[in-house]
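Notes follow the structure.
The values are calculated or read from the model by the stated rules, or taken from the named source; none is laboratory data. Model, not experiment: these values are computed from the prediction. Heads up, the Cβs are rebuilt from the backbone with ideal geometry, glycines too, and the neighbour counts pull from every protein chain shown.
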(Lines give C-alpha, C1' and ligand atoms only; values in the text may rest on other atoms or scores of the structure.)
Protein backbone atom coordinates (compact mmCIF):
# COMPACT_ATOMS: atom_id res chain seq x y z
CA UNK A 1 0.00 0.00 0.00
CA UNK A 2 1.23 3.47 -0.86
CA UNK A 3 2.25 6.00 1.75
CA UNK A 4 3.70 9.49 1.64
CA UNK A 5 7.25 10.14 2.82
CA UNK A 6 8.44 13.74 2.59
CA UNK A 7 6.03 14.46 -0.26
CA UNK A 8 6.83 11.33 -2.27
CA UNK A 9 4.16 8.66 -2.85
CA UNK A 10 6.13 5.49 -2.12
CA UNK A 11 4.96 1.94 -2.69
CA UNK A 12 7.61 -0.31 -1.22
CA UNK A 13 11.09 -0.32 0.22
CA UNK A 14 13.78 -2.11 -1.74
CA UNK A 15 17.43 -3.02 -1.48
CA UNK A 16 20.15 -1.86 -3.85
CA UNK A 17 20.29 -5.37 -5.34
CA UNK A 18 16.50 -5.43 -5.89
CA UNK A 19 16.52 -1.99 -7.53
CA UNK A 20 19.36 -2.95 -9.84
CA UNK A 21 17.79 -6.29 -10.78
CA UNK A 22 14.41 -4.68 -11.52
CA UNK A 23 15.98 -1.98 -13.71
CA UNK A 24 18.64 -3.97 -15.53
CA UNK A 25 19.20 -3.09 -19.17
CA UNK A 26 21.49 -4.99 -21.53
CA UNK A 27 23.86 -2.67 -23.39
CA UNK A 28 26.41 -4.12 -25.80
CA UNK A 29 25.65 -7.56 -24.40
CA UNK A 30 26.33 -6.56 -20.78
CA UNK A 31 23.78 -6.00 -18.00
CA UNK A 32 23.84 -2.40 -16.75
CA UNK A 33 21.74 -1.30 -13.77
CA UNK A 34 19.40 1.47 -14.99
CA UNK A 35 20.91 1.33 -18.47
CA UNK A 36 21.84 4.73 -19.86
CA UNK A 37 20.74 6.29 -16.56
CA UNK A 38 23.45 4.35 -14.72
CA UNK A 39 25.48 7.49 -13.97
CA UNK A 40 22.43 9.03 -12.30
CA UNK A 41 21.93 5.82 -10.27
CA UNK A 42 25.57 5.84 -9.16
CA UNK A 43 25.20 9.50 -8.15
CA UNK A 44 22.26 8.59 -5.91
CA UNK A 45 24.15 5.62 -4.44
CA UNK A 46 27.17 7.80 -3.67
CA UNK A 47 24.98 9.65 -1.16
CA UNK A 48 23.82 6.44 0.55
CA UNK A 49 24.69 6.16 4.27
CA UNK A 50 24.09 3.49 6.91
CA UNK A 51 20.44 3.53 7.89
CA UNK A 52 19.24 5.09 4.62
CA UNK A 53 16.38 3.49 2.71
CA UNK A 54 15.54 3.13 -0.96
CA UNK A 55 11.87 3.28 -1.92
CA UNK A 56 10.03 2.64 -5.17
CA UNK A 57 7.81 5.63 -5.90
CA UNK A 58 4.87 5.82 -8.30
CA UNK A 59 2.11 8.23 -9.18
CA UNK A 60 -1.49 7.36 -8.41
CA UNK A 61 -3.59 5.45 -10.93
CA UNK A 62 -5.49 8.68 -11.54
CA UNK A 63 -2.27 10.44 -12.59
CA UNK A 64 -1.37 7.55 -14.90
CA UNK A 65 -4.85 7.70 -16.45
CA UNK A 66 -4.37 11.42 -17.11
CA UNK A 67 -0.96 10.80 -18.75
CA UNK A 68 0.97 12.52 -15.99
CA UNK A 69 2.26 9.45 -14.19
CA UNK A 70 5.82 8.59 -13.26
CA UNK A 71 7.84 6.02 -11.33
CA UNK A 72 11.18 6.37 -9.68
CA UNK A 73 13.54 5.64 -6.84
CA UNK A 74 13.72 7.78 -3.70
CA UNK A 75 16.60 7.83 -1.21
CA UNK A 76 15.18 8.40 2.29
CA UNK A 77 17.22 9.38 5.36
CA UNK A 78 15.52 9.84 8.73
CA UNK A 79 12.14 10.33 7.05
CA UNK A 80 13.40 12.92 4.57
CA UNK A 81 13.96 12.55 0.84
CA UNK A 82 17.63 13.12 0.12
CA UNK A 83 17.50 12.45 -3.62
CA UNK A 84 15.29 10.80 -6.21
CA UNK A 85 15.14 10.15 -9.90
CA UNK A 86 12.49 9.21 -12.42
CA UNK A 87 12.79 5.80 -14.08
CA UNK A 88 9.59 5.85 -16.17
CA UNK A 89 6.89 8.31 -17.16
CA UNK A 90 3.94 8.53 -19.51
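May I ask you to say which residue of 79, 35, 29, 51 is touching a residue at least 60 places away in the same chain (Cβ under 8 Å) and at positive phi? Explain how you work it out, then say what you get.
Working: 35 fails: touching a residue at least 60 places away in the same chain (Cβ under 8 Å); 29 fails: touching a residue at least 60 places away in the same chain (Cβ under 8 Å); 51 fails: touching a residue at least 60 places away in the same chain (Cβ under 8 Å).
Exactly one of 79, 35, 29, 51 is touching a residue at least 60 places away in the same chain (Cβ under 8 Å) and at positive phi, namely 79.
Within segment 62-73, identify whether any single residue is in contact (Cβ under 8 Å) with a residue 40 or more places away in the chain, within 15 Å of residue 2 (Cα to Cα) and either out of contact with any helix residue (DSSP H, G or I) (no Cβ under 9 Å at 6 or more places or on another chain) or surrounded by 16 or more Cβ atoms within 10 Å (Cβ to Cβ) (or both), and answer yes or no.
Scanning segment 62-73 turns up at least one residue that is in contact (Cβ under 8 Å) with a residue 40 or more places away in the chain, within 15 Å of residue 2 (Cα to Cα) and either out of contact with any helix residue (DSSP H, G or I) (no Cβ under 9 Å at 6 or more places or on another chain) or surrounded by 16 or more Cβ atoms within 10 Å (Cβ to Cβ) (or both).
Restrict the check to segment 35-53 and report whether at least one residue is within 14 Å of the chain's Cα centre (by Cα) and under 19 Å from residue 1 (Cβ atoms).
yes
Take segment 54-90 and flag every residue that is under 12 Å from residue 19 (Cβ atoms) and more than 11 Å from the chain's Cα centre (by Cα).
none
Give just the number: which of (1) modelled with pLDDT of 95 or more; (2) surrounded by 15 or more Cβ atoms within 10 Å (Cβ to Cβ) does residue 80 not satisfy?
Going through the list (1) modelled with pLDDT of 95 or more; (2) surrounded by 15 or more Cβ atoms within 10 Å (Cβ to Cβ), residue 80 breaks only (2).
If a residue has to be free of Cβ contacts under 8 Å to residues at least 24 places away in the same chain and touching a helix residue (DSSP H, G or I) at 6+ places or on another chain (Cβ under 9 Å) to count, how many in segment 16-26 make the cut?
Number satisfying all stated conditions: 4.
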